[in-house]
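Scroll down for the structure; my scribbles are underneath it.
The values are calculated or read from the model by the stated rules, or taken from the named source; none is laboratory data. The shown structure was predicted, so the numbers you read here are calculated from the model rather than taken from an experiment. Because the Cβ atoms are built from the backbone with ideal geometry, glycine has one as well, and the counts that use them run over all protein chains shown.
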Amino acid sequence: MDKKFIKNNSGFTLLEMMIAVSLFTVVMTISTNMFLQAIDSQARAISSKGIQESLNFSLIIMTNEMSGATVDPRSCDPENCLDSNEYFCVAENGGSLIFKNSNGDCVSYTRVMNANTGANILTISRGGVSGNLTPNNIDISDLNFSSFYTTDLTYPIARATIYLKGQSLSRENYPDTVSLQTTVAVGQQ
């Protein structure tokens, strides 16, 4: 009996399989890292957008009410009015603003520490009722008000500048900080 061995070249050798698996592993590792970086970048962008939207909302509320300021803010809180003009009173070394709105209500904006989270939040007090302007998951790291009054008899005008800086507390991995500033001007017409 004559046995013939047929050579079958249709399979892979062990070395070829090891090279293929190694290449597949390298490609999958690179792809996974790129995917994770894309997810991380998206989460960072969402975090920054959330901070900016919250701070923008606060600025809109403040500027809308401040644009209707009336004279005599000192009558609201005469003890804390350190730097006052006809319309705005800056108190607590620039960390609080006091004025009378168009309805004659005393309004103040202040940064206070939230006892539960330890974060600084922006609060509003209007007519003796207080509330938060920023959510608890945003830390207001800096709040500064300044005011200026032009004593021009023809057209007296007061302006108040708000500088607001906040950071998200909800994602510790993304401590992005957003800073916003705006100026409001009011005067007699």
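Here are the numbers for this structure:
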read-out: Considering residues of region 125-156 that are among the hydrophobic types (A, V, I, L, M, F, W, C) and part of a strand (DSSP E or B) only, the residue surrounded by the most Cβ atoms within 10 Å (Cβ to Cβ); value: 145
read-out: Per-region count, region 157-171, residues free of Cβ contacts under 8 Å to residues at least 40 places away in the same chain and not in a strand (DSSP E or B); value: 0
read-out: Filter pass, residue 121 being surrounded by 20 or more Cβ atoms within 10 Å (Cβ to Cβ), of a type in the set (A, V, I, L, M, F, W, C) and out of contact with any Leu (no Cβ under 7 Å at 6 or more places or on another chain); value: yes
read-out: Members of region 96-105 that are surrounded by fewer than 20 Cβ atoms within 10 Å (Cβ to Cβ) and touching a strand residue (DSSP E or B) at 6+ places or on another chain (Cβ under 6 Å); value: 101, 105
read-out: Residue identified as exposed (fewer than 15 other Cβ atoms within 10 Å of the Cβ) and free of Cβ contacts under 8 Å to residues at least 60 places away in the same chain among 108, 75; value: 75
read-out: Residue pairs meeting the criteria (Cβ under 6 Å; at least 6 apart or on separate chains; first in contact (Cβ under 8 Å) with a residue 24 or more places away in the chain and more than 12 Å from residue 162 (Cα to Cα), in region 39-67; second among the small types (Gly, Ala, Ser) and assigned to a loop (DSSP other than H, G, I, E, B)); value: none
read-out: Failed criterion for residue 189 (all others in (1) at pLDDT below 85; (2) part of a strand (DSSP E or B) hold); value: (2)
